[in-house]
Amino acid sequence: MAKKAETVNMVDRFAEFKELKNIDKTTMISVLEESFRNVLAKMFGSDENFDVIMNPDKGDCEIYQNLEVVPDGEVENKDMQIGLSEAREIDPECEIGEDVTKQIFFEKFGRRAILNLRQTLQSKILDLQKDAIYTKFKEIEGEVITGE
């Protein structure tokens, strides 16, 4: 029998980051969005035609790719354009020259992209932690303190 995939509640994870790492929710969301954009830029060459929507209340992330509709057989850049027949599968009323929004599913990123995302997130979170520690101790510069 197949295992049921566990869904990670990102709302709980954001709360953990706030308490353990001193990173507030809005900063964490911007770091996540920036990390997703970084991976998208590496996968597709550019992230300019992508919309990354982070919903901290529901704990989910949605990624949309905006593609220009061109006649079938005239697609020059598959990362920026889509053929009319394929675009009509997404939106039956679209016409040539319009933009069609295609949802990109996180599950189809592939192993390398996921590992790249993880590494990018870890480095950005580490940078935020270093900045938080620096600002905390910058205020008490010149004082002698002890701690464990």
Selection status of residue 140, exposed (fewer than 11 other Cβ atoms within 10 Å of the Cβ) and either in contact with a strand residue (DSSP E or B) (Cβ under 7 Å, 6 or more places away or on another chain) or aliphatic (A, V, I, L, M) (or both): yes
Pairs where the first residue, in region 125-139, is within 21 Å of residue 34 (Cβ to Cβ) and the second is in a helix (DSSP H, G or I), C-beta under 8 Å, 6+ apart: 125/17; 125/31; 128/27; 128/31
Hits in region 36-50 (condition: more than 16 Å from residue 110 (Cβ to Cβ) and either loosely packed, with under 15 Cβ neighbours inside 10 Å or of a type outside the set (D, E, K, R) (or both)): 46, 48, 49, 50
Evaluation of residue 91 against (1) touching a residue at least 24 places away in the same chain (Cβ under 8 Å); (2) at negative phi (one fails), failing number: (1)
Residues that are within 8 Å of the chain's Cα centre (by Cα) and among the aromatic types (Phe, Trp, Tyr), drawn from region 35-49: 36
Any chance residue 58 is within 26 Å of the chain's Cα centre (by Cα), farther than 19 Å from residue 46 by Cβ and of a type in the set (Lys, Arg): yes
Whichever residue in region 33-62 is in a helix (DSSP H, G or I) and of a type in the set (S, T, N, Q) and, among such residues, is farthest from residue 100 (Cα to Cα): 35
All positions within region 63-91 that are charged (D, E, K, R), closer than 20 Å to residue 45 by Cα and either under 24 Å from the mean Cα position of the chain (by Cα) or not in a loop (DSSP other than H, G, I, E, B) (or both): 68, 78, 79
One residue from 70, 75 being in contact with a strand residue (DSSP E or B) (Cβ under 6 Å, 6 or more places away or on another chain), surrounded by 11 or more Cβ atoms within 10 Å (Cβ to Cβ), of a type in the set (Val, Ile, Thr) and free of Cβ contacts under 8 Å to residues at least 24 places away in the same chain: 75
Residue, modelled with the highest pLDDT, within region 102-137, restricted to residues that are surrounded by 13 or more Cβ atoms within 10 Å (Cβ to Cβ) and outside any helix (DSSP H, G or I): 102
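The values are calculated or read from the model by the stated rules, or taken from the named source; none is laboratory data. Being a predicted model, the structure only gives us computed values, none of them experimental. We place every Cβ from the backbone using ideal geometry, glycine too, and count neighbours over all the protein chains shown.
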